[in-house]
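What follows is a short report on a single structure.
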Amino acid sequence: MKVANLVGQTFKEKPSDCVIDSHALMVRGGFMKYVGNGIYSEFPALRRVTAKIENIIRKEMDAIDGQEVLFPVVLPASLWEESGRFESVGSELVRFKDRNGSKHVLGMTHEEAAVQLVREYAQSYARYPFMIYQIQRKFRDEARPRAGMIRVREFTMKDAYSFHTSQEDLDKYYELCFQAYNRIFQRAGVPEVVTVKSDSGMMGGSVSHEYMLLTPVGEDSVVMCNECDYRSNMEAAGNRVDNTWDGNISEELECVETPGCKTIDDVCAFLKSDVKASCKAVVYQKNIDDKFVVAFVRGDYEVNETKLRNLVGGEIHTAEITADDCLVAGYIGPYGISDEAEVYIDVSLKGIKSIVAGANKEGYHYTGLDLERDLESVQYVDISKVKEGGICPCCGKPAITVKRGIEVGNIFQLGTKYTKSMNMQYTDENGESHYPVMGCYGIGVGRLAASVCEVHHDEYGPVWPITIAPWEVQICCLRADNEETKKVADQLYKDLMDSGIEVIYDDRQIRPGAMFSDADLTGVPIRVTVSPRNLKESSVEITTRDKSVKDIVPIEEAAGYIQNLRLKLFADIESHVEDYK
RNA sequence: CGGCGUGUGGCUCAGCUUGGCAGAGCGCUGCGUUCGGGACGCAGAAGCCGCAGGUUCAAAUCCUGUCACGCCGACCA
């Protein structure tokens, strides 16, 4: 391929709407073009990257006996009505009617389609276990697309679905898939992807993990322990709080006037008390009947809405409290609260002897509240967000750290949620019917490409790992108007192509600065510079995009040198790929 | 869905306060000089100033509405 013919344009200036580096570089480098909100087209350079990622995924899925299939993008609503998700999923699911008025959806995930595909086939236990997967476009009408290709509405995803006759068999396969995923990310050149326990959300099921690429621009919070292997995403992270400090002593319960103090900071400043010994109320309402749900956490903690939602057992939304309600906004406390509200008390309040809390009366707070002494009964639940420096729920040391990450993949144990609702059964050895248990496994292809760029780039452009780079070698022919130079570069291009190396060749008659800048933006790992200056020494210059190699090599040795360097770069990445245990 | 902001050649933006011929740089086309980190000169093409309505002799500029996009939040496999 010649740069001169490559469809896609580079830009010198950063587009104004690009906030993160990978987005700006991928637009500037001619990798992608904006089409609409959360919708992008891929130019050839990016398509080559995503195709390579897809092939890495394909190989690893096939290695664990996956079989590639293809589901439709448009699915009849009736399928989603079977599983109940036509109603339960929010407006991310695009629903529409065809010309006959029958309802359809755009596939945002394909559990239903997977069950539909195999429920007749897999009626005998002898067919199990098996896994099917596809690599295909999905559309999710996200509330807020952002960060270029990292969070989009239309995207390519590999989604896999496995079917088993027992939980034990699913466990075994889940572990296999867990390892296959590690290998995929290692092969894609990002061994720094970490796995975390996660909340399974709308997918249902119990066990699930997310694969997170740690980067400050990530939109998810990852909770990690510096002392042990504990890792979790914020939603699923258990919180432990140490409430043994000097001065945590009992005091008398007293109702004091706190005029105009509606926030925790106001109250603590007014009463000159420690935030640690305060109680914050966060009020929600149930979506079904608007009943109030009051969450009490220690003043310096935040509510983890996912954990609360799981406890409440239904959807909740932030409450709007009016004067007519049973709650007094700004002065809500656990002592003397209306029994019309559902109350949850967080573990962060456990063991505090003297708490400042709202008095459920306009302008008043209690001091000296001891929940275990003053309330009839206290049941502590875990509904707060973990904090930096918190206590690890695994090893018990105060070594929790919170980092940002991009979720590049996830795996779930679905159980029988879909096989039951969609009535998929098989007959076992004894002639009895059972519902198979399922696992599902996803990887966002475009998001992975963008994430790799986000983690591997410098100020001039992406630094693609050779396994997913759009090309392996780039030839820069400086002074292509010079006959001798052009001849050598042409010959090298031909030689490399003949030996099966993926080469992009820049023989445009542009100034060196512009050519180097464009090459940096393309991010090809190996660069060969052919120029009159090097030819004086009968040599060419060979460098790597990450600047670790910079050599002057005689022309006749160049092709061999490049092939060796190329193999070395592949081997470097392969050395990080773990074998199956 | 709430808050803030932005819409002017392909890209980055000025012009809007105080209404008066639609501008610059990059990019693009041609010619010439240059040539190892985004050169320079000359000549050129390219604009429903987001859209609709209003005020006015006159609107990119003022008013009203609307749409789109971005950021923060809510939400999210």
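The values are calculated or read from the model by the stated rules, or taken from the named source; none is laboratory data. Here the structure is a predicted model, which is why all the values come from computation and not from measurement. Cβ sites come from the backbone with ideal geometry, for glycine too, and all protein chains shown count toward neighbours.
Filter the range A:45-99 down to residues that are of a type in the set (S, T, N, Q) and either crowded, with 16+ Cβ neighbours inside 10 Å or not in a helix (DSSP H, G or I) (or both) and give me whichever is farthest from RNA strand B (Cβ to nearest atom). Among those residues, the one meeting the criterion is A:Gln67. In this structure, is A:Arg508 on the phi > 0 side of the Ramachandran plot and of a type in the set (D, E, K, R)? Spelling it out, it is not the case that A:Arg508 is on the phi > 0 side of the Ramachandran plot and of a type in the set (D, E, K, R). Any residue in the range A:470-487 that is basic (Lys, Arg) sitting within a Cβ distance under 7 Å of a residue that is not in a strand (DSSP E or B)? List the pairs, counting only those 6 or more apart or interchain. Between residues of the range A:470-487 that are basic (Lys, Arg) and residues that are not in a strand (DSSP E or B), the close pairs are A:Arg479/A:Thr485; A:Arg479/A:Ser531; A:Arg479/A:Pro532; A:Lys486/A:Ala480; A:Lys486/A:Asp507. The C-beta contact set for the range A:500-515 (first residue among the hydroxyl-bearing types (Ser, Thr, Tyr), second residue away from RNA strand B (no atom under 16 Å from the Cβ) and not in a loop (DSSP other than H, G, I, E, B), distance under 6 angstrom, 6+ apart or interchain) comprises A:Tyr505/A:Tyr493.
Looking only at residues in the range A:24-39 that are at pLDDT 90 or above and not aliphatic (A, V, I, L, M), the one that is farthest from RNA strand B (Cβ to nearest atom) is A:Phe31. Considering the range A:435-527, the qualifying strands (runs of 3 or more DSSP E), each wholly inside and each with 3 or more residues that are within 14 Å of RNA strand B (Cβ to nearest atom) and more than 32 Å from the chain's Cα centre (by Cα), run over A:473-477. If we scan the range A:130-149, do we find a residue that is within 11 Å of RNA strand B (Cβ to nearest atom), more than 30 Å from A:Ser22 (Cα to Cα) and either surrounded by 20 or more Cβ atoms within 10 Å (Cβ to Cβ) or assigned by TED's automatic domain parsing to the domain that holds A:Pro72 (or both)? No, there is no match, as no residue in the range A:130-149 is within 11 Å of RNA strand B (Cβ to nearest atom), more than 30 Å from A:Ser22 (Cα to Cα) and either surrounded by 20 or more Cβ atoms within 10 Å (Cβ to Cβ) or assigned by TED's automatic domain parsing to the domain that holds A:Pro72 (or both).
Each row is one residue, and each column tells you yes or no for (1) out of contact with any strand residue (DSSP E or B) (no Cβ under 6 Å at 6 or more places or on another chain); (2) not in a loop (DSSP other than H, G, I, E, B).
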residue	(1), (2)
A:Gly101	yes, no
A:Val105	no, yes
A:Met108	no, no
A:Glu112	yes, yes
A:Ile132	no, yes
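Answer yes or no as to whether A:Pro259 is within 15 Å of RNA strand B (Cβ to nearest atom) and loosely packed, with under 13 Cβ neighbours inside 10 Å. Against the criterion (within 15 Å of RNA strand B (Cβ to nearest atom) and loosely packed, with under 13 Cβ neighbours inside 10 Å), A:Pro259 does not qualify.
Looking across the range A:150-172, the residues that are touching a Pro at 6+ places or on another chain (Cβ under 6 Å) and either of a type in the set (Asp, Glu) or near RNA strand B (Cβ under 10 Å from one of its atoms) (or both) come down to A:Arg151, A:Val152, A:Arg153, A:Asp169. Residues that are under 24 Å from the mean Cα position of the chain (by Cα), surrounded by 13 or more Cβ atoms within 10 Å (Cβ to Cβ) and more than 20 Å from A:Ala469 (Cβ to Cβ) within the range A:7-32 comprise A:Cys18, A:Ile20, listed in sequence order.
Kindly establish whether A:Glu42 is more than 10 Å from RNA strand B (Cβ to nearest atom), within 22 Å of the chain's Cα centre (by Cα) and buried (at least 20 other Cβ atoms within 10 Å of the Cβ). Against the criterion (more than 10 Å from RNA strand B (Cβ to nearest atom), within 22 Å of the chain's Cα centre (by Cα) and buried (at least 20 other Cβ atoms within 10 Å of the Cβ)), A:Glu42 qualifies. Remark: pairs (first residue in the range A:1-24, in the same structural domain as A:Met497 (by TED's automatic domain parsing); second residue among the hydroxyl-bearing types (Ser, Thr, Tyr) and part of a loop (DSSP other than H, G, I, E, B); Cβ separation under 6 Å; 6+ apart in sequence or on different chains) are absent.
Taking the conditions exactly as written (among the hydrophobic types (A, V, I, L, M, F, W, C), touching a residue at least 12 places away in the same chain (Cβ under 8 Å), under 22 Å from A:Val223 (Cα atoms) and surrounded by 22 or more Cβ atoms within 10 Å (Cβ to Cβ)), does A:Val207 satisfy them or not? Answer is no for this residue. Scanning the range A:533-542 for residues that are within 7 Å of RNA strand B (Cβ to nearest atom) and either among the basic types (Lys, Arg) or touching a helix residue (DSSP H, G or I) at 6+ places or on another chain (Cβ under 8 Å) (or both) turns up A:Arg533, A:Glu541. Please determine whether any residue of the range A:552-568 is in contact (Cβ under 8 Å) with a residue 60 or more places away in the chain and outside any helix (DSSP H, G or I). No, because not a single residue in the range A:552-568 is in contact (Cβ under 8 Å) with a residue 60 or more places away in the chain and outside any helix (DSSP H, G or I). Restricting attention to the range A:1-23, the residues being more than 6 Å from RNA strand B (Cβ to nearest atom), farther than 24 Å from A:Met497 by Cα and of a type outside the set (S, T, N, Q) number 5.
For the range A:67-84, a tally of residues being over 30 Å from A:Asn55 (Cβ atoms) and charged (D, E, K, R) returns 2. Here is the figure for the range A:551-571: residues that are under 17 Å from A:Tyr493 (Cα atoms) and basic (Lys, Arg) total 1.
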